[in-house]
Amino acid sequence: MKTVSARHQDRKALLGLFCSLNKIGKDICLEYARLAAIDAAIKNHEIKIAIDNEIIVGTIVLTPIRNSIYISALIVKAGSRKKGVGTKLIQEAIKKAKRLNKSKVVVETAFVYRAKKFYEKCGFRVTKKHYDCWALKKDV
Ligand SMILES: CC(C)(COP(=O)(O)OP(=O)(O)OC[C@H]1O[C@@H](n2cnc3c(N)ncnc32)[C@H](O)[C@@H]1OP(=O)(O)O)[C@@H](O)C(=O)NCCC(=O)NCCS
């Protein structure tokens, strides 16, 4: 398994992964808008993907905001979970933070995802409990 920057040809597969997480149905206008957002993020080198046997098994969006790298849309394909893919993608976030001289990696994870323990295992700690999500951070 390797991690690389997402390429233009990955956009449809990424859309499928994002939609699988939010159980979003098919809507051609929304699909167009989402693909445009994915295109912009790919162009800004914000999307990393994990590839196993030429199949995308996970993705993470890493956006620099002030002195942080902000994680959004960390998703590992259902059949590929608990095999270290998520941890590998988090390592990409840390690498990017170091490369861009940021002091921390931050994430907000909705309660419904039940991912708090995963982030804590990766060394994050809770900084705030909002009404629907945990805010966590990891200093780098
Ligand atoms: C959360 C998620 C990204 C974790 O990815 P993963 O590839 O399964 O994680 P890893 O295999 O690297 O797991 C690392 C450790 O965290 C644990 N872990 C993983 N997911 C967990 C979860 N949901 N709850 C508790 N522990 C979890 C693993 O058991 C492992 O522990 P170990 O080191 O003691 O064996 C993945 O389950 C996923 O895509 N979930 C749906 C989307 C989601 O919730 N994204 C986060 C939204 S911000």
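Look through Ala93, Ala78 and report the one residue that is closer than 24 Å to Met1 by Cβ, modelled with pLDDT of 95 or more and under 15 Å from the mean Cα position of the chain (by Cα). Working first, answer last.
Values: Ala78 fails: modelled with pLDDT of 95 or more.
Within the list Ala93, Ala78, the selection yields Ala93.
Here are the criteria: (1) over 22 Å from Gly84 (Cα atoms); (2) in contact with a helix residue (DSSP H, G or I) (Cβ under 6 Å, 6 or more places away or on another chain); (3) at pLDDT 95 or above. Tell me which single one Arg11 does not satisfy.
The failed condition is (3).
Give the residue that is farthest from Leu14 (Cα to Cα), with candidates limited to residues of region 72-86 that are in contact with a helix residue (DSSP H, G or I) (Cβ under 8 Å, 6 or more places away or on another chain) and within 6 Å of the ligand (Cβ to nearest atom).
My answer is Gly86.
So if I check each of Glu54, Glu46, which one is away from the ligand (no atom under 12 Å from the Cβ), more than 15 Å from the chain's Cα centre (by Cα) and acidic (Asp, Glu)? Break it down into steps so the answer makes sense when it comes.
Details: Glu46 fails: more than 15 Å from the chain's Cα centre (by Cα).
Exactly one of Glu54, Glu46 is away from the ligand (no atom under 12 Å from the Cβ), more than 15 Å from the chain's Cα centre (by Cα) and acidic (Asp, Glu), namely Glu54.
So which residues in region 105-125 are touching a helix residue (DSSP H, G or I) at 6+ places or on another chain (Cβ under 7 Å) and either under 20 Å from Leu21 (Cα atoms) or of a type in the set (A, V, I, L, M) (or both), if there are any at all? Outline the logic, then answer.
Taking region 105-125 as the starting set, the residues that turn out to be touching a helix residue (DSSP H, G or I) at 6+ places or on another chain (Cβ under 7 Å) are 105, 107, 109, 118, 122.
Listed by number, the residues that qualify are Val105, Val107, Thr109, Phe118.
Which count do you get for residues in region 33-56 that are within 22 Å of Arg81 (Cβ to Cβ) and among the charged types (D, E, K, R)?
The number of residues fulfilling the criteria is 3.
Evaluate region 104-115: report whether one residue or more is within 16 Å of the ligand (Cβ to nearest atom) and either of a type in the set (Asp, Glu) or within 15 Å of Ser5 (Cα to Cα) (or both).
Yes, some residue in region 104-115 is within 16 Å of the ligand (Cβ to nearest atom) and either of a type in the set (Asp, Glu) or within 15 Å of Ser5 (Cα to Cα) (or both).
The values are calculated or read from the model by the stated rules, or taken from the named source; none is laboratory data. These numbers were taken from a predicted model, which means no experiment stands behind them. Please note: Cβ atoms are built from the backbone with ideal geometry, for glycine as well, and neighbour counts cover all protein chains shown.
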